[in-house]
Every structure is written in structure tokens, then in C-alpha cells.
Protein chains: 4
Amino acid sequence: MSTIDIFGSDNHSGVDPEILKAIIEANKGYTIAYGYDEYTEKAFDKFREHFGKDIDVYFVYNGTAANILGLKAVTDSFNSIICSEVSHLNVHECAGPENFIGCKLITIPTKDGKLTIEKIKPYVSGFGDQHIAQPKVISITQPTEFGTVYTPQEIKKIADFAHKNGLLLHMDGARICNAAAYLKLGLREITRDVGVDILSFGGTKNGMMFGEAVVFFNKKLSKNFIYIRKQGMQLASKMRFISAQFIAYLSDNLWLKNAEYANSMARYLYEKIRGIPEMEITQRVESNAVFVNIPKKYIFKLQRKYFFYVFNGQARWMCSFNTTREDIDRFVETIREVLDKEKLVE
Amino acid sequence: MSTIDIFGSDNHSGVDPEILKAIIEANKGYTIAYGYDEYTEKAFDKFREHFGKDIDVYFVYNGTAANILGLKAVTDSFNSIICSEVSHLNVHECAGPENFIGCKLITIPTKDGKLTIEKIKPYVSGFGDQHIAQPKVISITQPTEFGTVYTPQEIKKIADFAHKNGLLLHMDGARICNAAAYLKLGLREITRDVGVDILSFGGTKNGMMFGEAVVFFNKKLSKNFIYIRKQGMQLASKMRFISAQFIAYLSDNLWLKNAEYANSMARYLYEKIRGIPEMEITQRVESNAVFVNIPKKYIFKLQRKYFFYVFNGQARWMCSFNTTREDIDRFVETIREVLDKEKLVE
Amino acid sequence: MSTIDIFGSDNHSGVDPEILKAIIEANKGYTIAYGYDEYTEKAFDKFREHFGKDIDVYFVYNGTAANILGLKAVTDSFNSIICSEVSHLNVHECAGPENFIGCKLITIPTKDGKLTIEKIKPYVSGFGDQHIAQPKVISITQPTEFGTVYTPQEIKKIADFAHKNGLLLHMDGARICNAAAYLKLGLREITRDVGVDILSFGGTKNGMMFGEAVVFFNKKLSKNFIYIRKQGMQLASKMRFISAQFIAYLSDNLWLKNAEYANSMARYLYEKIRGIPEMEITQRVESNAVFVNIPKKYIFKLQRKYFFYVFNGQARWMCSFNTTREDIDRFVETIREVLDKEKLVE
Amino acid sequence: MSTIDIFGSDNHSGVDPEILKAIIEANKGYTIAYGYDEYTEKAFDKFREHFGKDIDVYFVYNGTAANILGLKAVTDSFNSIICSEVSHLNVHECAGPENFIGCKLITIPTKDGKLTIEKIKPYVSGFGDQHIAQPKVISITQPTEFGTVYTPQEIKKIADFAHKNGLLLHMDGARICNAAAYLKLGLREITRDVGVDILSFGGTKNGMMFGEAVVFFNKKLSKNFIYIRKQGMQLASKMRFISAQFIAYLSDNLWLKNAEYANSMARYLYEKIRGIPEMEITQRVESNAVFVNIPKKYIFKLQRKYFFYVFNGQARWMCSFNTTREDIDRFVETIREVLDKEKLVE
């Protein structure tokens, strides 16, 4: 089995056996399509177990859709959405937010992917000026695209600021479980309880096959979401196969176990490379990602053995629910070999 | 096991065991995400086996997306798309085509879902008039939303007319395999060989779990499709789980066997009800659908036992790859019971 | 001076001298831009004189914008708008409504351009079905694109039906003054008083240079219109030059005098050609348009002397505030000449 | 006559008498609508006099439309447009570009409103990566929103860089004539000759009533513009009244005389306030704008006498074709009074 794809992305892993088992078991008999089935109802119950009552949950196919449709539900075309310059929303959704929502992204430079009130404040202005896109949502990513984790206090500050100014707080939680695992807090404690209004709840990067949830903590915000989802090409016919995954994912702490494990592997990788002088670890290792600066000359050599992305100049290595210590040991060995060889060449 | 959902839709069935097996087997090791993996390459080969060389194939999550994104790839916002008034595109995609493509649908009334040149002709006009949306695509559904099947000659006529006037021919093939099975022709013979330019190739209604393909028979038309797909929220990260399904679906005639079987069940259902006087079969049974007019008073009674949709005033009953003769026998028995009871009540 | 353009459109006329005078007089000193000036405030007062208090009025550049932006203000992208198949909205705005509003037009065939409840009813359905664009607005044109005029009773019936079903009534009033003149009723009596919710109020075809008003009879509907207008590229900087026109137009019955005159000229044209055997007058002459069927062989000959449009197979001749009896006499003479010559050729 | 609006914007002025005369003279007889008239043809000739042959010119109502539609003509929805963070496109068009073009703006911080290759370069990347909006256009404003003027060499550098990378260069020339006047160069020399591909050519801020031109220096780029303009609600019916203005504007150096005069007035204002210690002039005075930092406490006091906008923290004072030396003298006197009074209060 090829090892080249192990650290490139947590999307390179397959499906957790428990999730796959749930899919297989859901493949029985006939069920109504488009989300009116019993699996979906049970999956909603699982979300309520974690996030409490009076929420609205909708399943879509992937994280890009969860972000874009969740934001569309709460914005008008003349609004602006404030997000980090490195947010997935801004960088990796091919202008989908602008296209489908039809509104403006205001993008804020950051070093570690985290927004703060100080950075946001200048853009929360222009209310009532017809020339200016009206601010409506702040969107943060937890953990950030750099793997760093907002504390609940940090989130609450942003949420309070948003609400005080008539804005909403959206959270891109593609890897939200990794943040919860790091913070040793429940899913509700780092979202709903600290003021998040709309959450993109992801599972694919943590062992699911496909499927993402849009969670509204205020039911008024979701009143038209069924139409937005269908119009947005995201209404799954055989919905039970998404729902069954979420039931398994949110049962028996599977979400947490996988996230804790992936985090611990990133930590292990971090410990093993932190002493290498050619490597500068650029971000705090708080979830399942390790970001490093390495001299350019090593990058291509290394990518040929272990493919990885370079994001804003930094190499990104991801661990997942099925990365092993041996994978990491071999990877670090390869890194050392590449560094050594290159040094000799010089 | 509940029987209420058997005939409501071919989406109410689960996943064909061969497809599920392929998914399980694809769950090994790490593969690169977003379609650059070996499963996807192999799936493309399977499409080339059926449709020939020099095609471009892209996987998306569902049929709505295949239609909308395939059409977006070949239109500008000032274009019009000509389709049947009962087309899925027009009726059941919640204005998604207008919204995402930003252009006009011209919708033509039909009795059996089929377009003809005579009906289309008046709308292929206004070229060069700046006030008028410029016609660009004719979209047909095969089989139609009423289960009727275009002959290859009928398609070719429309294709020739389209091309002569500078238009393209799009085919919504959500159930294309059922049409091929009915016509006893290969997939290529009823699409590429008769002038179809862009095909939405569906499998979910015929045993797949999710996933649909957009097939371009002219590579020039697809040159920007990767961006359109991503922007359209339809780029699957763990693509191998769509690709593996298509490999199985297009191997060993699975697509054909399932379609033939579903068609034969619809035929069996048709034979069993055609003599019932209260029922008027409204459409030719050429694929896996049976459409009937039944007096309104029976509809609700029957829907409580066997849920089904009423489409343009006609009850729609669908068969699938796992409908059984016993299912149908019991269904017809129930129909007779409902009719009898209702008669007594009168 | 060339006469070829006299009957082609009421847009072919220039500007009424009173309007031009108002423009010249407004060209004094400095005024704040974008509609916060005193001319604009005074123009709003004029609208309130005619339509009553508690209305919201916004000026845009043209009728296409008035229609599209007025409708955008009251719809979501998953809505549908019901209109006549021959409506300007559907035929002559180059898919602008679909593009900018992002929603669906449902287009209904008519002979005289008029919608009725019977025709509309089948499309006011599907509420709550996530697959189906949700009906939200009925849009009628007064007078219709065929020059026919809705009675207040006809409008009220449609309005009542709309409101009972949770829909709104929009009126494209590009030539609304011609309808009022025909009906011998005030502007309010044929709009607000009979249930119209949003009105596109046009003046360009009746003597103005440019500028159109969107009138909301319910202020809740317009709460975001300033942003929609700016985003829609329709916020005029030197607004006073639109406002000054509307002040003059709505003063001293200028709007009415011009409309009555144009109507009377159409009536005069109608009287002069009704006896000509080769001509079939196809629509009731109720405003400033005359529609006729004439054999194809005459059309091109005649168009070379008097340019006109052929709309849905019918020649359309328009009169305006400055068409003269002599213009018409000469036109009819030319018609007779063309007919005679053609006959000799035969 | 109130003086409060003199320096708030060059839009606060009325219409140049020569322009108004041209409008009055165009108000004769009937002409075909929608731009097929002789005035429009003659106006095109005037543009060719200035910009050379083989160009395509289209008139729209205003500058926002010229920018958005010109850019829409050359982009796909998956593209990005690179512009300055303070560009009108980004700040003052209420997300219209994102909404109508459906694509991404990449906004670059600047101090004086000017882009440079160094700033642009990092964003001209990601080609071929399906996740990333593909760079397509660089848009610069001449003069910038801060009144500074690009030299032809600066423009050419950006143009060359753009073209080398497969991008186009768009220029927002809302005040292009002020730049030409400052540089003492012809309109062609600072646009077409230095590599600009699409130009928004404005006149409203320099004496016109309304109307803006989109000029394409490569006819291939404009092949669908008539549909984009109509769909974009920007096709004027009585087009002659825009065209007549442009004929006058581009004749007898009116465009230049007005621009030179407005520039000289800004220079005069600059000279008169440069010595005032409480004022920091923040931008080079190269066109008809003066930007100053003044302590906050003076701003409101002063705005009550002379209304002006504060843009990015800087007070903006604009001169126009009819600002007089006396206007400026009185303005500066008022400034001094306000400063003095405030000082006493302290």
C-alpha cells in the first residue's frame, strides 16, 4: 500500500469501520427519500443530545455547501460577511460564496487564522449607507485553517460583539470535533453556549464518507432552508445514508475518540520534528495539523515521497483517525533522509 | 418491514449489493482526494468503454447538480434553455437552474414529456435582438418524467435541428439506463451517436448510493468545468466512494441488468392493473414508471397504504432493481381492496 | 425630418417641452447627490398627492430596472413570479429577472395579454414542497403589452386572489397613465385602491427623457430597497434631473393630457384603418397601441417607409404625446399605397 | 443659493451649459430607440477620434454599471478580479460586482489608491487549482479614489504584467479626463496605448447629466455586451440623450477644459490650506480632489457648513467644472473660523 498520501489531508483517509457498518446496516428495505425517513429523524435526535433542544439541523453533501448554504440562509445579497483572509470560505471555495449568496466577503489578514474584535471592528460600519454592503455575519473557523483553536472565551467575545451590532456568528466547523477534543469540552459548550448562531458541522475529515450538517441554533434563521438546500443542489435523495453515518458518528463518543486520536498523532509528529533545525514550526499544534516552514529546496524532494500542500508558504501535514505512530516514524525518517541528502548535495 | 414506500420512488430502494461491495472494498488505505485517485481514473475508463474516447466525465453528488452544472458549463447568463414544462429541470429543482445559471428556461407544454422540433421551433428565434435571451441549449429527459422513451431517431432529429441553429443538446439521463434497456441499445447509441452534447448520467435511481456523472461529448465544452463544479459545491473530497460505485455500476452489465429488471416489473404492474376499470393508464409504459388516472376519492385511501406522488394529476408508481413480483401482487391486491371498499361506501 | 420612426414606438418621441423646461430649471447651483436633494423630496410629495400617504417611492433609470428591482425587493431566490407569456418581464428583459432576482418566472399564455384567476390558479400550488419554487408574486402589465386595459374590478379580483394565497401583486405600469386616461380614473384608483402592492410607474414613453419610479404601497416591502437599487446599478448621482421630470410630469395633469392625447391618436389611427380589408385589427384599442394582422408580403414594404415591430405575429403601431393627425393621415396613405402597389404586382 | 454642497462631490454640480444645449438640440423629431440612432453613431465617431479605430463603445447610465458590466463581459463566475481595497468597485457599489458578476474581488491595501505589480503578484496564482477562483482581471482607477494619478509608465507595467499572465487590465475612468489633464496627455495615450483593455469612461462628474461609456479596445471582448447591458438593466430607450451629451463632451475639448479647470481649483484649494497647522494633506493633489486629516472635533462643525465625506479617515473635498475661486475663498475662510472657534472653546 502506497504511503504517499498519508499526511496530505485528513480527507485522504477512508471511512471509519463503525461508520461503514452503519451504512451497511441502513441498506435494508425501502425508506422514503429526501430526509423524511426514520434514520434522519434519529440523527436529528443525536444532534439534540449534543446541542440541546430547539435547534434545526439539515444535512448536505459537503463542507463547502454547509458553509455557503448556511450563510445564504441568513444574508441578503447586499450584505457582507466578515471572515479571515485564509478562511476556506475565501480561499478554497472558488468564489462559491460570492456566486451563490451574491454578496461580499470582507477578508481580514491574520497570522494564526484567528479573528479578533480589534481586527473586525473597522469593517462593522457603514450601516444605512446605501453605497456600502451591509455587514451581517462574522464567520470563524474552528479549528482555524492553521490548526489553531479558539477558546470559548474568544468565541464568546466575538459573538457578543456580533450580536451587539446586529450581526450573526457563523462557525465553519469542518473539524469542530478536533477543537472540542483539544479543549476537553462538549460540542455545545464551544458553539451554542458561547453564542454561535449557525454551525457547519463536519465529519468527513474525521471518519465519515460524505455528508455535513448545517445546525441552526435559532430556528427563525432556518425557516427557508429547505428551499435553499434544494435550490443549492444539496438535497440528497437517499438521505438515510448520510443520516446513518451521523447516528454512528455521534454515538458512543466516536466523534471524540477519532478526534482525540488524530490530535494526539499530530502532537506526536510535532514532538518528533520540533528539534530538527531546518524546520520552523509556525503554528501552535492544537488540533490534527502541523504547519512548518522548511527551506524550499527540500519541499519538492519531500513531496515526491509524501505529498502535502503548501498553504500560505507553510507546509501542512495532517493526521487523521487512522494515522499510526509507525506512519509518523517512517515519515520523520524520510524527512531526515531528505534533509541529509540535500545537505550533502550542497 | 414496512411496505408503504415501495412504489413511491426508485429512490426509496437502498443500494445494490454489488455497489455496496465496491464501496467496502474501496475503503482501504489512503488515496488523494478531489478526484485525482486511481478509482476515479478507472471509473473514467469505464465511461470510455461505454461512450468512446475523447469524452470528459465529472462526478457530482446528485442529478440536480449534474443538470444545473452541465448546463452552466455551456451557457451564458443571457441565454435561454428550452425544455419541457414537466421537466425535472423546470418543476423539481426549486428554480436552481435560473438561480445558479442565471438564465431563462423556456418551458414547452407536452402530454408525454417529449419535445419535438415543431414545438421547439417558435422559441429558436430572436437571435441578435438585444432584448431577448438568446437560445443556446435544448434539454430533453430520457426517459421523460412520464416514463416515455425517445427513439434514437427522435433524438437525432432534435440534435440536428439544434446544431443547425447553433444550439446544443443536453440530456437529463437520470434514468438513462432504463431507456437503453427498453430500446435494447447501448448507452452510446442513444446519446453520443445521435447528437447529444452533454449528458447527465444517473445511477442513484438504479442501485447506486449517491453520485451522478456529467459527460461531455465535446471536450471544448468542459474546459472550465472543474471550477464550475467546485463553485457549485459539488466537488467530493473522498471521491473514490463515488468512483468505486461507477466502476461496479458500469461493469458486468450491472446498469443494464438492474434497468431491465425494473422495467420488467413496471410492465408486470401495468399488465396487472390495465384491466381495472377505475384506472386509466395515461402514459406508455416504456421504462420503470406507471402513470394512471384514478378517481380522487381513491387516492388518499391508497396513499396511506402505499405512498406515491401525484404528478400533473396522474398517480406515479415506480419500480426499481429490487421490486419483487410479490410486492406488486400485494400492491395490486391492496388497490383492488381500496376500490372495492370505496364502492361499497358509495 | 424623417418620418420613418414615428409609429415604431412611443420611445421614438423626444421629450415633452414641459419636462425639458423642468430639467433646465433644475440646472442651478449645487445639490447633494443620490436622492437626498429637495427636488427628490418634492417629487415624492407629488407621488403622495396622487397615491396617498404611507408609500415609498424610489427612482431608477428605466422600466426594466423598475420591474426587476421592485420584484427583487419582495422575493427570495427560491420563489416564483407568475406573469403573462408576452410580458415585457418575460420576453424583452433578456432574462434579467431570472438573472438578478435568481428566481423562476412562470409564464402563462394569453391572447390579449391579460391574466385571469383561472389561468393563474394551477400555478399557485406546491407550497411547502422543497422541490418546487414557491409562488410569491403575480405580475400584471397595465395596459398590457397588447395595449388592452384591465378594469379595476379585474385587478381587484387578481389582487384578492393573490393576497388570500399569501402572494403579492406587482404591476408593470410602463404606460400606466394611458390606462388611467382610458378608464377615466385616477392613478390611485387603478393601483393602490384595487390591491396593487408594488408598481413600476413609467413616464419615458409618455414624454419624459429617462427615469422610472418604483412605488411600494406597503412600506414594509421596501425596507431594503436602497441597497437593492444601488447593488442593481440604478442609483443616479445627479438624481435631481430625474426628480425634476417627475415633478413636472405629475403637475398640472401633464401625465394625463399626454396620455389622453396619445390614446386619442391611436383611436384615430384605428378608425382610419379599420375598414381596410387586408388588415385585421387583433386587439382592442384601449390605449396608445394598434395591433394588426397584415399579410406578410406587405410587412417589409411598409417597414421600409415606417419602421415598426412585429410582436407575436402582429404589427404594432404606437402613438405618443406628439403624434399628429397629419402623421397618421400620411401613414394611412402610405399603407394604402403599399397595399395597392402590391396588389398590382400580384 | 446654498453653499453647503459645493465641495461634497463633483456630482453636486449641475450640467455644463454646452451639454445642456446639446440635449435641447437633440430633442427634435423621432429617432429610433435603444442606440440605433444617428446621435449614437456620431458619438461613437467622437470616441474613435480620441481612442482610434477598432474599438467598441457602449453607453450605460452610470459608472457603477460601466464597471460591473464591463467586467462581467470578460469574466466567468469562477474568476477573481484584483483591485485596490479602496476602489469604488469594492467599497461603494454595495457588493454589486460580486452579485452581478458572481465572482470574487481580491482587494489590496494601498495608501494612495495605487496598485503595483509587487502588491498584485501574490494573488496572480493558483492557476489550474479547482478550489481557487482563477485570476482574470486587474482593475485600476484613474485617477484613484484618493485623487492620485498613475503615470502612463505605471499603467503599462501593470498592463504588461497582466497580459503576460493571461489577465486583462480594466480601468475605472470615472474621472479619467482629470487624469489626462494632469498628465497633459491624450485620452488614448493613458489608456489604449499603455495596455488598458476595458475602460469605464465617465463624464457625469465633469459636467454631464448622466451616462457613462464602456470602451473595449479589443472587439473580441465585447461580442456579447449588448445582451449583458440589457440584462443588466442598462439599455436606455431614448439613447440619443446620452449620445448627444457625449458628442458635446468630446467636442471642442470640453472634456479637457472642464477637467483642467477643476484640477486647477483643487490646486488652488490645496495652496490655500497647506499652511494651516491643524490640517495634514494626506494625498498628492493630482486631480480635482483634496484629502486632509483634520482633528475629529472640527469635522462635524465644518460639515454643518460645508458637507463632505470622510473616506478612510480622511476628509475629501472635491472641485468641479463650476467651482469658483470665490467658493474656495469662502470655504477656507469658514475652515479658519471653525478652527479658531474650536480653539477658543478648548
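The values are calculated or read from the model by the stated rules, or taken from the named source; none is laboratory data. Predicted model, so just to flag it, every value in this text is computed and none were measured. Neighbour counts run over all protein chains shown; Cβ positions are idealised from the backbone, glycine included.
Which residue pairs have Cβ atoms closer than 6 Å, lie 6 or more positions apart in sequence or on different chains, and pair a first residue in segment D:30-52 that is on the phi < 0 side of the Ramachandran plot with a second residue that is among the hydroxyl-bearing types (Ser, Thr, Tyr)?
What qualifies is D:Ala33/C:Ser9; D:Ala33/D:Ser237; D:Asp37/D:Thr31; D:Tyr39/D:Ser243; D:Thr40/D:Ser243; D:Ala43/D:Ser243.
Residue under question is C:Asn253, and the condition is that it be more than 14 Å from chain A (Cβ to nearest Cβ), over 23 Å from D:Thr64 (Cβ atoms), among the polar types (S, T, N, Q) and surrounded by fewer than 23 Cβ atoms within 10 Å (Cβ to Cβ); does it hold? Before the answer, list the steps.
Numbers: more than 14 Å from chain A (Cβ to nearest Cβ): yes; over 23 Å from D:Thr64 (Cβ atoms): yes; among the polar types (S, T, N, Q): yes; surrounded by fewer than 23 Cβ atoms within 10 Å (Cβ to Cβ): yes.
In short, yes.
Can you go through B:Ser2, B:Ser13, B:Ser80, B:Ser84 and tell me which one is of a type outside the set (A, V, I, L, M, F, W, C), farther than 20 Å from A:Ala65 by Cα and in contact with a Pro (Cβ under 7 Å, 6 or more places away or on another chain)?
Details: B:Ser2 fails: in contact with a Pro (Cβ under 7 Å, 6 or more places away or on another chain); B:Ser13 fails: in contact with a Pro (Cβ under 7 Å, 6 or more places away or on another chain); B:Ser84 fails: in contact with a Pro (Cβ under 7 Å, 6 or more places away or on another chain).
Within the list B:Ser2, B:Ser13, B:Ser80, B:Ser84, the selection yields B:Ser80.
Checking the condition touching a Leu at 6+ places or on another chain (Cβ under 7 Å) and crowded, with 20+ Cβ neighbours inside 10 Å, which residue from A:Ala266, A:Ala248, A:Ala262 passes? Let's see the steps before the verdict.
Working: A:Ala266 fails: touching a Leu at 6+ places or on another chain (Cβ under 7 Å); A:Ala262 fails: touching a Leu at 6+ places or on another chain (Cβ under 7 Å).
Residue meeting the stated conditions: A:Ala248.
Just to verify a result, which residue in segment B:308-320, among those that are of a type in the set (S, T, N, Q) and on the phi < 0 side of the Ramachandran plot, is surrounded by the fewest Cβ atoms within 10 Å (Cβ to Cβ)? Working first, answer last.
Restricting attention to segment B:308-320, the residues satisfying the condition of being of a type in the set (S, T, N, Q) are B:312, B:314, B:320.
Going one step further and asking which of them are on the phi < 0 side of the Ramachandran plot, we end up with B:314, B:320.
Values: B:Gln314: 17, B:Ser320: 26.
Restricting to residues being of a type in the set (S, T, N, Q) and on the phi < 0 side of the Ramachandran plot, the top hit is B:Gln314.
Considering every residue within segment C:321-330, establish whether at least one is without any contact (Cβ under 8 Å) to a residue 60 or more places away in the chain, exposed (fewer than 14 other Cβ atoms within 10 Å of the Cβ) and part of a helix (DSSP H, G or I).
Scanning segment C:321-330 turns up at least one residue that is without any contact (Cβ under 8 Å) to a residue 60 or more places away in the chain, exposed (fewer than 14 other Cβ atoms within 10 Å of the Cβ) and part of a helix (DSSP H, G or I).
A:Thr107 fails exactly one of the following numbered conditions: (1) under 19 Å from the mean Cα position of the chain (by Cα); (2) more than 9 Å from every other protein chain (Cβ to nearest Cβ). What is the number of that condition?
(2)
Taking helices (runs of 4 or more DSSP H) that do not extend beyond segment B:3-108, which have at least 1 residues that are under 30 Å from C:Ala95 (Cβ atoms) and hydrophobic (A, V, I, L, M, F, W, C)? Steps first, please.
Details: elements: B:17-26, B:38-51, B:63-72, B:88-91.
Answer list for segment B:3-108: B:63-72, B:88-91.
Within the group C:Gly102, C:Gly52, which residue is over 19 Å from the mean Cα position of the chain (by Cα) and farther than 22 Å from D:Gly102 by Cβ?
C:Gly52
Would you confirm whether any residue within segment B:154-176 is assigned by TED's automatic domain parsing to the domain that holds B:Val215, at pLDDT 95 or above, among the acidic types (Asp, Glu) and under 22 Å from B:Arg229 (Cα atoms)?
Residues of segment B:154-176 that are assigned by TED's automatic domain parsing to the domain that holds B:Val215, as a first pass: B:154-176.
Checking which are at pLDDT 95 or above leaves us with B:154-176.
If we keep only those that are among the acidic types (Asp, Glu) too, we end up with B:154, B:160, B:172.
Subset that is under 22 Å from B:Arg229 (Cα atoms): B:172.
Yes.
Being more than 14 Å from A:Ile242 (Cβ to Cβ), of a type outside the set (Ser, Thr, Tyr) and surrounded by 22 or more Cβ atoms within 10 Å (Cβ to Cβ) narrows it down to one residue among A:Ile19, A:Ile32, A:Ile68; which is it?
Values: A:Ile19 fails: more than 14 Å from A:Ile242 (Cβ to Cβ); A:Ile32 fails: surrounded by 22 or more Cβ atoms within 10 Å (Cβ to Cβ).
Just a single option satisfies the conditions, and that option is A:Ile68.
Got a number for residues in segment A:152-166 being more than 20 Å from A:Pro122 (Cβ to Cβ) and loosely packed, with under 14 Cβ neighbours inside 10 Å? Walk me through how you get there before you give the answer.
Step one: list which residues in segment A:152-166 are more than 20 Å from A:Pro122 (Cβ to Cβ), which gives A:152-153, A:155-156.
Okay, now just the ones that are also loosely packed, with under 14 Cβ neighbours inside 10 Å, so A:153.
The total comes to 1.
Might you check whether a residue that is in contact (Cβ under 8 Å) with a residue 60 or more places away in the chain, in a helix (DSSP H, G or I), in contact with a Ser or Thr (Cβ under 9 Å, 6 or more places away or on another chain) and crowded, with 19+ Cβ neighbours inside 10 Å occurs anywhere in segment D:269-291?
Yes, the conditions are met somewhere in segment D:269-291.
Going residue by residue through segment C:216-239, is there one that turns out to be within 26 Å of D:Gly14 (Cβ to Cβ) and away from chain A (no Cβ under 14 Å)?
Kept after step one, since they are within 26 Å of D:Gly14 (Cβ to Cβ), are these residues of segment C:216-239: C:226, C:229-230, C:232-239.
Within this subset, residues satisfying the condition of being away from chain A (no Cβ under 14 Å) are C:238.
Taking every residue of segment C:216-239 in turn, at least one turns out to be within 26 Å of D:Gly14 (Cβ to Cβ) and away from chain A (no Cβ under 14 Å).
Only residues that are outside any loop (DSSP other than H, G, I, E, B) and either out of contact with any Phe, Trp or Tyr (no Cβ under 9 Å at 6 or more places or on another chain) or free of Cβ contacts under 8 Å to residues at least 40 places away in the same chain (or both): list them for segment A:240-253, please. Explain how you work it out, then say what you get.
First pass over segment A:240-253, keeping only residues outside any loop (DSSP other than H, G, I, E, B): A:240-249.
Passing the criteria: only A:Ala248.
Has segment B:169-185 got any residue that is of a type in the set (Lys, Arg) and either within 14 Å of another protein chain (Cβ to nearest Cβ) or assigned to a strand (DSSP E or B) (or both)?
If we filter segment B:169-185 for residues that are of a type in the set (Lys, Arg), which is where we start, we get B:175, B:184.
Subsequent filtering for residues that are either within 14 Å of another protein chain (Cβ to nearest Cβ) or assigned to a strand (DSSP E or B) (or both) retains B:175.
Yes; the residues of segment B:169-185 include at least one that is of a type in the set (Lys, Arg) and either within 14 Å of another protein chain (Cβ to nearest Cβ) or assigned to a strand (DSSP E or B) (or both).
Return yes or no: is D:Asp160 in a helix (DSSP H, G or I) and away from chain A (no Cβ under 14 Å)? Break it down into steps so the answer makes sense when it comes.
Values: in a helix (DSSP H, G or I): yes; away from chain A (no Cβ under 14 Å): yes.
Yes: the conditions hold for D:Asp160.
Please determine, by comparing only the residues of segment B:293-309 that are over 17 Å from B:Val332 (Cβ atoms) and assigned to a helix (DSSP H, G or I), which one is farthest from the other protein chains (Cβ to nearest Cβ).
Filtering first and then ranking leaves B:Lys297.
Looking only at segment C:9-31, which residues are at the interface with another protein chain (Cβ under 7 Å from one of its Cβ atoms) and within 20 Å of C:Cys177 (Cβ to Cβ)?
The first filter runs over segment C:9-31 and keeps only residues at the interface with another protein chain (Cβ under 7 Å from one of its Cβ atoms), leaving C:9, C:11-15, C:20, C:24, C:27-31.
Once the filter is applied, which keeps residues that are at the interface with another protein chain (Cβ under 7 Å from one of its Cβ atoms) and within 20 Å of C:Cys177 (Cβ to Cβ), segment C:9-31 yields C:Ser9, C:Asn11, C:His12, C:Ser13, C:Gly14, C:Val15, C:Leu20.
Out of all the residues in segment C:83-104, which are crowded, with 24+ Cβ neighbours inside 10 Å and touching a Ser or Thr at 6+ places or on another chain (Cβ under 7 Å)? Please lay out each step first, then the result.
Narrowing segment C:83-104 to residues crowded, with 24+ Cβ neighbours inside 10 Å: C:83-84, C:87, C:89, C:93-104.
Correct list: C:Cys83, C:Ser84, C:Ser87, C:Leu89, C:Glu93, C:Ala95, C:Gly96, C:Asn99, C:Ile101, C:Gly102, C:Cys103, C:Lys104.
Quick one: how many residues across segment A:89-99 are over 10 Å from D:Phe78 (Cα atoms) and either at the interface with chain D (Cβ under 9 Å from one of its Cβ atoms) or free of Cβ contacts under 8 Å to residues at least 40 places away in the same chain (or both)? If you could, list the steps in order and put the result at the bottom.
At the first step, the residues of segment A:89-99 found to be over 10 Å from D:Phe78 (Cα atoms) are A:89-92, A:97.
Applying the additional criterion that residues be either at the interface with chain D (Cβ under 9 Å from one of its Cβ atoms) or free of Cβ contacts under 8 Å to residues at least 40 places away in the same chain (or both) yields A:90-92, A:97.
The number of residues fulfilling the criteria is 4.
Quick one: would you say D:Lys220 is part of a helix (DSSP H, G or I) and of a type in the set (Lys, Arg)?
Values: part of a helix (DSSP H, G or I): yes; of a type in the set (Lys, Arg): yes.
Yes.
Residues being away from chain D (no Cβ under 14 Å) and touching a Gly at 6+ places or on another chain (Cβ under 9 Å): count how many of those fall in segment C:59-77.
Residues flagged as away from chain D (no Cβ under 14 Å) and touching a Gly at 6+ places or on another chain (Cβ under 9 Å) within segment C:59-77 amount to 2.
So which residues in segment B:192-214 are in contact with a Ser or Thr (Cβ under 8 Å, 6 or more places away or on another chain), more than 24 Å from A:Ser243 (Cβ to Cβ) and of a type outside the set (Gly, Ala, Ser), if there are any at all? First the steps, then the outcome.
Going residue by residue through segment B:192-214, those that are in contact with a Ser or Thr (Cβ under 8 Å, 6 or more places away or on another chain) are B:199, B:204-207, B:210-214.
Next, only the ones that are more than 24 Å from A:Ser243 (Cβ to Cβ) stay: B:199, B:213-214.
Once the filter is applied, which keeps residues that are in contact with a Ser or Thr (Cβ under 8 Å, 6 or more places away or on another chain), more than 24 Å from A:Ser243 (Cβ to Cβ) and of a type outside the set (Gly, Ala, Ser), segment B:192-214 yields B:Leu199, B:Val214.
Scanning segment A:113-128 for residues that are buried (at least 17 other Cβ atoms within 10 Å of the Cβ) and either in contact (Cβ under 8 Å) with a residue 60 or more places away in the chain or not in a helix (DSSP H, G or I) (or both), which turns out nearest to the other protein chains (Cβ to nearest Cβ)?
Of the residues in segment A:113-128, the ones buried (at least 17 other Cβ atoms within 10 Å of the Cβ) are A:113-115, A:120, A:124.
The next check asks that each one be either in contact (Cβ under 8 Å) with a residue 60 or more places away in the chain or not in a helix (DSSP H, G or I) (or both); those that pass are A:113-115, A:124.
Details: A:Gly113: 17, A:Lys114: 20, A:Leu115: 17, A:Val124: 15 Å.
The selected residue is A:Val124.
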